[in-house]
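Below is one structure; the comments refer to it alone.
Just so you know, all these numbers are worked out from the coordinates, no wet-lab data involved. Keep in mind it's a predicted model, so treat the numbers as computed, not measured. Neighbour counts run over all protein chains shown; Cβ positions are idealised from the backbone, glycine included.
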Amino acid sequence: MNAVIDKPRAKAKRKAVNDAQQARMSKIHSALDEGHKKLYLAQQSVIGTDVGEPVEVLLTFVTESLLPQAIAPLQETPLTREIIDGVYTGMFPTLAALQGVIALARGTVIEATVRDAHDLLDEANSAMDFSDMRDPESRGSPQPAQVPSPKSPAPDVSGQIFDAYCITTQAQAILCANVSAMNRGAAYAARTLVQLVVDATAAADEQKTRDNCEEASCRLNEAIDVLELMTADTTDLVAEGVLSLLTLAKKLLDDNIGALP
């Protein structure tokens, strides 16, 4: 008799868990969708007036490359905890880079929009902690609307080395635009080191040899060490954004060194 009663209860419990998973995934997709749309709107606002400026360069990179690449695995089926955990950590560079965008956008018309986008994406990222649930069910989960932006190129060694170089130039643009306001000796030291990083990653992109990439990785280590010291005891959004970008660039290089001659 008890087994007969418990079976419907177990089914009802599983249904309740699945419903909770679907509700959370719907919340995640909605926040990602709205956040990406706000980034796109902010990007369109600066394209006509600030082309080539650090804020436009970094905002475009986040909107068209960093964020789409980070959340793309959410389209996979079945959607497992492993995939969502990967997206959760994969979004950290996007959120850190957005802090850099916010710092660059202070006092401009897009500041509030970028802040709203960051908050929405951070909300979605926080909701990806499924430690209190089993693997999420992907069936029937809504998909985020497509925001008009170029598709990311297929990953390859040459392309990722080039991406690493581009990321370092964006980090340099952010740091150079804010170094005076930061008013710290370490910031000027970081600027010098980041210039060496850009030179080294440019050579790595041009030569595409293991020696060049290892040299660039070493230069990145030096700059990263200084930026980590800068952010260890005080909150510095610019330094944190630059640090995140350089860390991402180093990972791209290190992941591909083994495939180079």
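Remarks
- Label-to-label distance, nm, for residues given as SER30 and ARG81 (7 Å Cα→Cβ offset): 2.6 nm
- Segment LEU229..GLU214, full-extension length gain: 3.1 nm, with 0.36 nm per residue of separation and the alpha-carbon distance subtracted.
- Vicinal HN-Hα couplings computed from phi for the range 66-78 (Karplus, 6.51 cos²θ - 1.76 cosθ + 1.60; Hz; Gly/Pro x): 4, 5, x, 5, 5, 9, 3, x, 5, 7, 6, 9, x
- Between the range 191-233 and the range 59-108, the alpha-carbon centres lie 23 Å apart.
- Summed side-chain charge close to GLN160 - residues other than GLN160 whose Cβ falls under 11 Å, Lys, Arg +1, Asp, Glu -1: -3
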